[in-house]
1. Heavy atoms of the protein only, probe of 1.4 Å, neighbouring chains included. What is the accessible area of I57 in Å², nearest 10?
2. In Å, what is the Rg of the alpha-carbon atoms in segment 121-192, and how long is Dmax?
3. Would you tally the net charge around A185, using a Cβ to Cβ cut-off of less than 13 Å, leaving A185 out, and scoring K and R as +1, D and E as -1?
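The values are calculated or read from the model by the stated rules, or taken from the named source; none is laboratory data. All of these numbers come straight from a predicted model, not from anything done at the bench. FYI the Cβ positions are ideal-geometry reconstructions off the backbone, even for glycines, and counts take in every protein chain you see. All accessible areas refer to the heavy atoms of the entire protein, side chains included, with ligands and DNA or RNA removed. Shrake-Rupley method; radii C 1.70, N 1.55, O 1.52, S 1.80 Å.
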Amino acid sequence: MIDPALILPLVLFAFASTGTPGPNNIMLLTSGANFGYRRTVPHMVGIWTGLVSMLLIMSTGLGELFDRYPVAEIILKVAATGYMLWLAWKIARAAPVEGGDATGTPMTLLQAAAFQWVNPKAWAMCATAVTLYSVGSGWLAMAILAIVFIMVSSVTNSTWIVLGQQMTRFLSTPGRLRAFNITMALLLVASLYPILLGQGSAGQAAAAPEISAQSPD
């Protein structure tokens with residue numbers, strides 16, 4: 001059975017979770033500023049691919065892995081921290097624009113998809129969507145969940161890319177672009193703060209229904 005009443009809350013949750021600043025949007029903003037919209041499209045599609053695959057996995061019940069084996073979440077956090085620090089280092093050291101084009105290369109579709117699997121915000125977002133905002137059970141409900149996230153992400157992610165692209169004129173000098181990339185790298189590192197504090201974890205998101213069920217409110 002599909003519950004139409006949950007579709008609007010699901011859409012609103014998707015807008016809030018995919019539109020707010022986080023590792024994905026920080027990197028999309030940076031890529032838009034350095035490479036433009038067209039060259040960032042594979043990065044954006046890779047995010048959708050990774051998120052949809054995670055939603056499908058969560059829908060099968062495998063998302064309870066973090067509840068049953070807390071060490072798995074610790075491993076995820078260690079891997080995510082190391083990978084994002086490496087990405088921040090690459091962003092900070094990105095070569096300035098030469099001859100109207102960036103000398104580096106944007107993230108590929110497969111790289112962006114794989115990144116979602118070590119992105120704790122993506123895990124928490126997908127776990128929350130499946131446990132609190134799923135419109136029902138079965139393949140149709142999973143398809144609706146995936147379609148909603150793709151449609152909403154196409155708007156929110158594109159907005160961040162275009163925002164970065166519009167900053168190109170201001171970043172036309174190597175010094176400004178370097179300062180921008182370093183700032184984005186620091187913001188990416190700052191996004192690790194809630195992860196290291198244990199906030200917004202996949203395990204906490206999966207436990208949300210149990211908490212709300214015990215609450216008198």
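1. Around 60 Å² of this residue is reachable by solvent.
2. Considering segment 121-192 through its Cα atoms, Rg and Dmax are 17.7, 53 Å.
3. Spelling it out: positives minus negatives among the neighbours equals +3.
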